[in-house]
Amino acid sequence: MTPDFLARRRARLGSTLPLEPAILVLGAGDPVPLPESSDQTYVFRSHAEYLYVAGEECAGGVLVFDPRDGAEAGWRSFVPTVTESARVWEGR
């Protein structure tokens, strides 16, 4: 369930963006590896646009808006599956 402030934000964006023949795709981004060739990465922060509309930090997440489905119902969130090893390693 989407919190009220995010639903209002998405509805406002969906009704004002001129996207009739297109869709909007917002990506959160991926973790950036540290330069010393280890398996560690910098602390992950989602792209500002993704965080503003999705309301969550999610590496690899994508939020899509299709204006043909309406300003409120046209939003779809795609997030990667969290594996058991990711839970242990990242604490999610």
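The values are calculated or read from the model by the stated rules, or taken from the named source; none is laboratory data. Nothing here was measured: the structure is a model prediction, and the numbers come from that model. Please note: Cβ atoms are built from the backbone with ideal geometry, for glycine as well, and neighbour counts cover all protein chains shown. Note: areas computed on protein heavy atoms with side chains; ligands, DNA, RNA excluded. Shrake-Rupley method; radii C 1.70, N 1.55, O 1.52, S 1.80 Å.
When volume of the Cα convex hull per residue in Å³ is calculated for this entry, the matching label among (1) 117; (2) 103; (3) 84 is (1). Could you tell me how many degrees, from 0 to 90 and to the nearest 10, lie between the Cα long axis of helix 4-16 and the main elongation axis, the longest principal axis, of the Cα atoms of the chain? Around 60 degrees separate the two axes.
Overall, the accessible surface of the chain at a probe of 1.4 angstrom is composed of carbon and sulfur to the extent of 57 percent. Loop-resident GluC sites (Glu not before Pro) (DSSP state other than H, G, I, E or B) in the chain with no more than 11 further Cβ atoms inside 10 Å of their Cβ: Glu36. In this rough spin-label picture, where each label sits 7 Å from Cα along the Cβ direction, the Trp89-Leu13 distance is 2.9 nm. Per-residue ellipticity at 222 nm, computed for the chain from helices alone with -39500 (n - 2.57) per DSSP H run of at least four residues, works out to -8500 deg cm²/dmol. Normalising the average separation of contacting C-alpha pairs (under 8 angstrom, six or more residues apart) by the number of residues puts the relative contact order of the stretch 1-88 at 31 percent.
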